[in-house]
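> The structure under discussion is supplied below as structure tokens; questions concerning it will follow.
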Amino acid sequence: MVENSTQIRSSVVASQLDVHVRYGGVVPELASREHLRAIVPVVRQAMEQAGATWSDLSAIAVTAGPGLIGSLLVGVTYAKALSFARKIPLIAVNHVEGHVHSVFIDNPEITFPALALVVSGGHTHLFEAKEIGAYRLLGKTRDDAAGEAYDKVAKLLGFQYPGGPMIDRLAPYGNKKAVKFTRPKMKGNDLDFSFSGLKTAVLRWTEQQDIAEEIATRRAVKSSSIEDLLKVTPQRTLDLLASFQHAVVQELLNHALRSAEQIGAESVIVAGGVACNAGLREAAKQQNGLQFYFPTFHLSTDNAAMIAAAAFPKLQRGEFAGTDLRPHPGLVLA
Ligand code: KG4
Ligand code: ZN
């Protein structure tokens with residue numbers, strides 16, 4: 001629950017990781033079932049933590065897309081029912097706009113135009129943000145999203161889902177210059193991304209190194225603790241992880257800097273799960289001239305507070321959704 005677009009009164013996140021870890025990734029049917037199970041207690045808890053009653057609410061914000069249809073349907077149906085029963089206006093929010101907004105919550109001083117890089121398990125998108133709520137797409141991934149590339153490479157090497165945080169924590173133990181990855185050449189829009197080549201290069205590397213046994217050993221370790229993982233991850237693999245992380249970070253930064261220059265951006269906003277990445281945050285700090293902004297960690301990965309905060313300007317403009325609101329799995333921001 002939020003007070004306005006920058007003040008959070010409560011933030012409750014129900015993690016489904018335990019369910020998906022067993023399958024090495026998100027299983028859509030299980031995701032919607034878990035949403036169904038969690039939605040009523042999570043909303044109740046958010047209201048309790050904020051010390052609020054229904055009559056205190058000016059609006060109910062809900063993610064209308066993009067995302068998995070089953071999960072979106074649970075949220076939209078519940079929000080519509082609440083809105084109807086309690087006579088509270090409904091506001092539809094784009095999930096990606098929520099991620100961008102997560103950065104404004106703790107950095108209200110951001111100046112425009114800004115360049116927004118949204119990097120998550122489903123997105124690697126660059127937007128020009130002329131002001132809050134006015135976005136123009138500049139480039140996006142043509143295949144895997146950056147987080148997806150992390151997760152796929154981790155899975156390939158026998159690490160648990162989600163692999164991003166684990167690779168990030170292991171990368172400092174390796175030599176980032178050990179393995180060379182060729183940068184993809186983009187025909188057409190050179191602000192687009194491609195990460196599938198990196199994944200294929202890692203697959204080729206595992207074949208050359210003949211490390212099936214190492215991977216099997218790691219797969220048997222049901223732990224995400226760094227000490228446990230270091231015991232089953234030799235130097236050559238740590239070097240590969242460091243090199244992979246370096247390649248992804250350079251690709252993201254290179255695109256962000258080029259597009260920021262193109263639009264004359266004053267600031268760069270980085271949002272989404274991959275914005276947690278320590279390597280990316282560190283590399284961004286080294287850039288002179290441009291100010292980079294990241295969300296605080298608990299707002300980087302998916303959460304409802306960013307959706308409510310992104311709804312606030314819409315509340316002020318009176319942009320409400322009707323009872324005919326439908327979820328859109330492929331909803332685009334700009
Ligand atoms: O935004 P998010 O919670 O969900 C989506 O909308 O996708 O992002 C999840 C993604 C996963 O792919 C996860 O591996 C990645 O973010 N991620 C990271 C890190 N923390 C989460 N990737 C790299 N480094 C991290 N520290
Ligand atoms: Zn997300």
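> Any chance you could count how many residues in region 185-214 are hydrophobic (A, V, I, L, M, F, W, C) and not in a helix (DSSP H, G or I)?
As a first pass, look at region 185-214 and keep what is hydrophobic (A, V, I, L, M, F, W, C): 186, 191, 193, 195, 198, 201-203, 205, 211-212.
Filter once more, so that each one left must be not in a helix (DSSP H, G or I): 186, 191, 193, 195, 211.
So the answer is 5.
> Being without any contact (Cβ under 8 Å) to a residue 24 or more places away in the chain and over 29 Å from Phe127 (Cα atoms) is true for just one of Lys80, Lys87. Which residue is that?
Details: Lys80 fails: without any contact (Cβ under 8 Å) to a residue 24 or more places away in the chain.
Result of the check over Lys80, Lys87: Lys87.
> Checking Ala59 against (1) of a type in the set (A, V, I, L, M, F, W, C); (2) open to solvent by 40 Å² or more (accessible area, probe 1.4 Å); (3) in contact with a strand residue (DSSP E or B) (Cβ under 9 Å, 6 or more places away or on another chain): exactly one of these is not met. Which one?
Checking Ala59 against (1) of a type in the set (A, V, I, L, M, F, W, C); (2) open to solvent by 40 Å² or more (accessible area, probe 1.4 Å); (3) in contact with a strand residue (DSSP E or B) (Cβ under 9 Å, 6 or more places away or on another chain), the one that fails is (2).
> Name the residue, out of Val12, Val118, that is farther than 24 Å from Leu333 by Cα, touching a residue at least 12 places away in the same chain (Cβ under 8 Å) and crowded, with 17+ Cβ neighbours inside 10 Å.
Sole residue among the options that is farther than 24 Å from Leu333 by Cα, touching a residue at least 12 places away in the same chain (Cβ under 8 Å) and crowded, with 17+ Cβ neighbours inside 10 Å: Val12.
> Tell me, which residue of region 73-98 that is over 17 Å from Arg326 (Cβ atoms) and not in a loop (DSSP other than H, G, I, E, B) is most open to solvent (accessible area, probe 1.4 Å)?
Step one: of region 73-98, the residues over 17 Å from Arg326 (Cβ atoms) are 85-89, 96-98.
Next cut, not in a loop (DSSP other than H, G, I, E, B) only: 85-86, 96-98.
On the way: Ala85: 72, Arg86: 124, Val96: 5, Glu97: 13, Gly98: 0 Å².
Per the stated criteria, the residue is Arg86.
> Against the condition more than 16 Å from ligand 1 (Cβ to nearest atom), assigned to a loop (DSSP other than H, G, I, E, B), among the hydrophobic types (A, V, I, L, M, F, W, C) and more than 22 Å from Phe244 (Cβ to Cβ), how does Ala260 come out, does it pass? First the steps, then the outcome.
Values: more than 16 Å from ligand 1 (Cβ to nearest atom): yes; assigned to a loop (DSSP other than H, G, I, E, B): no; among the hydrophobic types (A, V, I, L, M, F, W, C): yes; more than 22 Å from Phe244 (Cβ to Cβ): yes.
Answer is no for this residue.
> Also, quick follow-up: Of the residues Thr182, Thr217, only one is part of a helix (DSSP H, G or I) and hydroxyl-bearing (Ser, Thr, Tyr); which?
Values: Thr182 fails: part of a helix (DSSP H, G or I).
Of Thr182, Thr217, the one residue that is part of a helix (DSSP H, G or I) and hydroxyl-bearing (Ser, Thr, Tyr) is Thr217.
> Then there's this: Is it the case that region 234-247 has a residue that's open to solvent by less than 20 Å² (accessible area, probe 1.4 Å), closer than 26 Å to Arg204 by Cα and touching a strand residue (DSSP E or B) at 6+ places or on another chain (Cβ under 8 Å)?
In the first step, residues of region 234-247 are kept if they are open to solvent by less than 20 Å² (accessible area, probe 1.4 Å); the result is 237-238, 240-245.
Remaining after also requiring closer than 26 Å to Arg204 by Cα: 237-238, 240-245.
Right, trim to touching a strand residue (DSSP E or B) at 6+ places or on another chain (Cβ under 8 Å) and you get none.
No, region 234-247 contains no residue that is open to solvent by less than 20 Å² (accessible area, probe 1.4 Å), closer than 26 Å to Arg204 by Cα and touching a strand residue (DSSP E or B) at 6+ places or on another chain (Cβ under 8 Å).
The values are calculated or read from the model by the stated rules, or taken from the named source; none is laboratory data. Computed from a prediction, not measured in an experiment: that's the story for all the values here. A quick note on method: Cβ atoms are made from the backbone with ideal geometry, for glycine too, and the neighbour counts reach across all protein chains shown. When the accessible area is computed, the model is the full protein with side chains, heavy atoms only, and any ligands, DNA or RNA have been set aside. Shrake-Rupley method; radii C 1.70, N 1.55, O 1.52, S 1.80 Å.
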